[in-house]
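In what follows, a structure is listed as structure tokens, so that the remarks can point back to it.
The values are calculated or read from the model by the stated rules, or taken from the named source; none is laboratory data. This one's a predicted model, so the numbers in the text were calculated from it and none came from an experiment. Here the Cβ positions follow ideal geometry from the backbone for every residue, glycine too, while neighbour counts run over all protein chains shown. What goes into the accessible areas is simple: the full protein's heavy atoms, side chains included, and nothing from ligands, DNA or RNA. Shrake-Rupley method; radii C 1.70, N 1.55, O 1.52, S 1.80 Å.
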Amino acid sequence: MGPAPRAVSGVPHAFGGIPLNVGASLFPLIWGVVHGVVLGVWVQLGVGALWVIGGVLLRNPETGIAALGLVFRGAAILGGVCFGVVADRLAWEKNPGRWEIANYSKNQRIWAVGAVAYALALTWYQAGR
């Protein structure tokens, strides 16, 4: 077993000093509801809309603004990552007594592995079409 996760500024993180919550970045809606962070719902709506608009622009290059699709997709990724950076603090401040630091960090590592596995499965499924 590796070193115990440490809290940075009183907020525990799944991977020690790295303040990125991978599960919250990839699934802000589900993660937010489970952890009592309503902002996750709004982040999902915004990120999802940017992702869809970007996809539409990228699939229609005849419009002449396909490059704008990359900007929208980049903004969607940036929005998810930004939420992932602040997600632990939001959840911890919402309910500080809900979790012990070790359990919270362990649960966030499980969220990270599950989110990445799910994203890879979706990518593999879409690539097969």
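Quick rundown of the values:
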| read-out | value |
| --- | --- |
| Residues of region 92-125 classified as among the charged types (D, E, K, R) and open to solvent by less than 100 Å² (accessible area, probe 1.4 Å), total | 1 |
| Selected residue (criterion: surrounded by the most Cβ atoms within 10 Å (Cβ to Cβ)) from residues of region 17-26 that are among the aliphatic types (A, V, I, L, M) and in a helix (DSSP H, G or I) | A24 |
| Options K106, K94: the member that is more than 18 Å from V43 (Cβ to Cβ) and modelled with pLDDT under 90 | K106 |
| Neighbours by Cβ (under 9 Å, 6+ apart or cross-chain): first from region 36-61, β-branched (V, I, T); second open to solvent by 80 Å² or more (accessible area, probe 1.4 Å) | V37/K94; V41/V33; V47/I77 |
| Residue ID - surrounded by the fewest Cβ atoms within 10 Å (Cβ to Cβ), chosen from residues in region 71-84 that are farther than 7 Å from G54 by Cβ and among the hydrophobic types (A, V, I, L, M, F, W, C) | L78 |
